[in-house]
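Single-structure report; data block below.
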Amino acid sequence: MSTLGSLLAWPDDVAALRIGFMGAGRLGQALAWSLAQAGLKVVAVSSRQEAHALALASPIEGCACMSPQALADACDLVFLTTPDSVIGATCDGLTWHAGQAVLHCSGVTEVGVLAHALSQGASIGGFHPMQTFGDPHAAVQSLPGCTITVEAEQPELMQSLLALVDGLHCVPNRLPAGMRGRYHAAAGYTSQFINALFDQAVRLWQTWGATEEEALRALLPLAQGTLSAIQSAGVARGMPGPVSRGDLSSIDKHLSAITPMGPQMLDFYKTLCSVTVPLARQAGGIDEAQEQQFIDLLKA
């Protein structure tokens with residue numbers, strides 16, 4: 001595997017870390033390969049599936065497949081990249097030691113699930129890349145520039161995590177304890193919930209005989225334009241559409257057109273539209289009287 005180590009000035013304490021991955025799925029593979037490419041010492045991997053462990057280890061010079069306890073004994077920094085449901089059990093089933101750090105890479109699981117390692121003297125934390133990992137090779141290429149959420153109570157560990165983020169050419173997001181549920185839900189709004197929005201829009205297109213492919217060909221550039229507007233102007237001022245310009249008549253026509261589609265789709269539209277009303281007021285596109293008109297129409 002190629003290395004970028006000569007291009008990076010790692011802090012001495014980070015450069016010396018012996019790093020291990022417990023769990024060798026797509027996230028574990030992509031993160032391990034990325035750290036190794038950046039010149040760090042990824043020395044061990046453990047997985048219930050031998051083929052996955054070999055897939056992670058084989059491109060990394062000096063990376064060995066080990067049992068979970070052998071990895072915990074040998075590594076200074078251990079990434080638990082197992083499924084969320086077994087992070088706690090995996091941690092609890094091993095012996096840890098002072099001077100090492102144990103991290104999980106879950107977006108929604110609280111760091112407290114690693115309390116067993118903390119009780120044995122290890123430092124604990126979270127390291128969650130806000131990225132998709134459907135293809136580990138593609139994820140390595142797309143990881144630079146993304147946000148990585150880090151959490152650690154110990155200042156020394158936090159500094160090491162920030163150094164890792166910087167070395168991966170990513171952007172750090174420091175998360176306070178107890179906020180992982182909200183953090184993960186926020187990511188859901190801007191990832192899988194987009195699919196739900198497109199589903200509703202495609203269903204409307206299909207009512208006049210259009211295919212999903214035809215609908216997406218028209219709608220995707222529209223969504224991409226909105227994302228560009230949000231990036232440049234912010235959430236409120238970057239919002240397009242009838243509510244943003246006080247066009248009550250268009251919303252009334254939308255409601256009439258969607259009503260025959262059934263109450264579920266109509267309620268979904270009303271809920272979404274209601275959220276846009278205060279955004280339009282915030283951006284200065286409508287005044288207080290217009291805001292109330294929209295509220296009354298959507299409640300009717």
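Laboratory data are not the source of any read-out in this text; all were calculated from the coordinates shown. In this text the structure is predicted, and so the values were computed from the model without any measurement. Note that each Cβ is placed from the backbone with ideal geometry, even for glycine, and that neighbours are counted across all protein chains shown.
Only one of the numbered conditions (1) closer than 30 Å to HIS104 by Cα; (2) among the charged types (D, E, K, R); (3) touching a helix residue (DSSP H, G or I) at 6+ places or on another chain (Cβ under 6 Å) is not met by ARG237, and that is (1). Here is a list: GLY241, GLY285. Which entry is touching a Ser or Thr at 6+ places or on another chain (Cβ under 8 Å) and in contact (Cβ under 8 Å) with a residue 40 or more places away in the chain? Just one listed residue meets the conditions, GLY285.
Within the range 155-172, can one find any residue that is of a type in the set (D, E, K, R), under 30 Å from VAL78 (Cα atoms) and within 17 Å of the chain's Cα centre (by Cα)?
no
Looking only at the range 237-290, filter to residues that are assigned to a helix (DSSP H, G or I) and among the β-branched types (Val, Ile, Thr); which one of those is nearest to ARG203 (Cα to Cα)? Result: ILE258.
Evaluation of LEU35 against the conditions (1) among the aliphatic types (A, V, I, L, M); (2) buried (at least 21 other Cβ atoms within 10 Å of the Cβ); (3) in contact with a Ser or Thr (Cβ under 9 Å, 6 or more places away or on another chain); (4) not in a loop (DSSP other than H, G, I, E, B) shows that the sole unmet condition is (3). Checking each residue in the range 84-130 for being more than 19 Å from LEU35 (Cβ to Cβ), surrounded by 14 or more Cβ atoms within 10 Å (Cβ to Cβ) and among the hydroxyl-bearing types (Ser, Thr, Tyr) picks out THR90, THR109. Counting only residues that are in contact with a helix residue (DSSP H, G or I) (Cβ under 8 Å, 6 or more places away or on another chain) and without any contact (Cβ under 8 Å) to a residue 40 or more places away in the chain, the range 8-31 holds 0 of them.
When restricted to residues that are touching a strand residue (DSSP E or B) at 6+ places or on another chain (Cβ under 6 Å), hydrophobic (A, V, I, L, M, F, W, C) and farther than 16 Å from THR82 by Cβ, the range 92-124 contains 3.
Filtered by the rule that a residue be under 18 Å from the mean Cα position of the chain (by Cα), farther than 21 Å from LEU162 by Cβ and without any contact (Cβ under 8 Å) to a residue 40 or more places away in the chain, the range 88-116 gives no residues.
Among the residues of the range 38-66, write down those that are free of Cβ contacts under 8 Å to residues at least 12 places away in the same chain and part of a loop (DSSP other than H, G, I, E, B). Steps first, answer last, please.
Of the residues in the range 38-66, the ones free of Cβ contacts under 8 Å to residues at least 12 places away in the same chain are 48, 51, 54, 58.
Correct list: ARG48, SER58.
Taking the criterion of being in a strand (DSSP E or B) and among the aromatic types (Phe, Trp, Tyr), would at least one residue in the range 89-96 satisfy it? No: the range 89-96 contains no residue that is in a strand (DSSP E or B) and among the aromatic types (Phe, Trp, Tyr).
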